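Down below is the structure, laid out as C-alpha cells.
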Amino acid sequence: MNPDKPLIELCLGSPAKLRLLKTLFSWKGKDLPENQLAQLSKLSTYGARHALSDIETSGLIHKKIIGHSNVWTLNETSFAFQNIQPVFEKILDIPSPLEFVKKQILNPLKNIEGVFKIFLFGSVPLLGLQKSGDIDVAIILQKSRSSERIKKNIEGVIDKSAEEIGLKLGKRLETHLFTAEEWEKTKNMPLGLSIKKGKELYPHEEI
C-alpha cells in the first residue's frame, strides 16, 4: 500500500473512484474488462485506468491480464475490502441532491388529479445541481373544468416542497404552473421551447 496516502483517499478520494467502486460492488464476484468497467462507470478508459491503478495499490481490487485486456474484480479477502465495504455501503445509501429534489417534487404531485406533465428545465439538466442557480420546474395540467381548483391545490403542496429544498440545499425552486389552455399559448414561445428542451420527470422519468 502507498504509505503516502490513507486508505480512504486511495479508494474513495475522487468521483471517478466512487463510480468505479459502485460498479464493482454492483457486480461483486464478477470479472469486468477495463473497457466495460469504464463504460459502465461513465468514464473515459484513460480516466478509469488512472483511478483503478490507485485503488489497486490499496489491495481492494485485483487485476488479471487476459489476452491484451486488463480485467478487474474486488479482492474480498483483503484488509481494504473489510474496512472499506461498510463505509462504501453507507455512501451508496446517501441519496444524491438531485434525487432529493425529484422526490420533493414528484411525491406530493404524482397522485394529484389533473397533472399531465412535469419538466425540470433551465440550467439544472445542463449544468447539474451544484453549478446551477434556481431550480426551474414546469407543471402542465390536463384539460379540465376544475383546472383553477387543481392549480390552487398544487400551489399549496409545491410551496412546502420549495421550503424543504431551500432549507436543505440552499436553492430556490421556481415553479411554472400551466393549465392546458395556458400551455397551448406558451408551448411555442421562448419559455415553452426552453421547457420542452428540459427533462421530463412525470409521467416518464428521464433523469
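The values are calculated or read from the model by the stated rules, or taken from the named source; none is laboratory data. As the structure is a computational prediction, the values presented were derived from the model and not from experiment. Here Cβ is always computed from backbone atoms with ideal geometry, including for glycine, and neighbour counts include all displayed protein chains.
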Tell me, please, whether a residue that is in contact with a Lys or Arg (Cβ under 9 Å, 6 or more places away or on another chain), at pLDDT below 95, within 30 Å of LYS196 (Cα to Cα) and not small (Gly, Ala, Ser) can be found in region 91-98.
-> yes
Test set (1) in a helix (DSSP H, G or I); (2) of a type outside the set (Val, Ile, Thr); (3) farther than 21 Å from LEU193 by Cβ - ASN111 fails condition number | (1)
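Going through region 11-41 one residue at a time, which ones are touching a residue at least 60 places away in the same chain (Cβ under 8 Å) and among the aliphatic types (A, V, I, L, M)? Outline the logic, then answer.
The first filter runs over region 11-41 and keeps only residues touching a residue at least 60 places away in the same chain (Cβ under 8 Å), leaving 11-12, 18, 21-22, 25.
LEU12, LEU18, LEU21, listed by residue number.
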Which numbered condition PHE119 fails, given (1) surrounded by 14 or more Cβ atoms within 10 Å (Cβ to Cβ); (2) in a helix (DSSP H, G or I) | (2)
For region 86-96 the number of residues that are part of a helix (DSSP H, G or I) and surrounded by fewer than 16 Cβ atoms within 10 Å (Cβ to Cβ) is 7
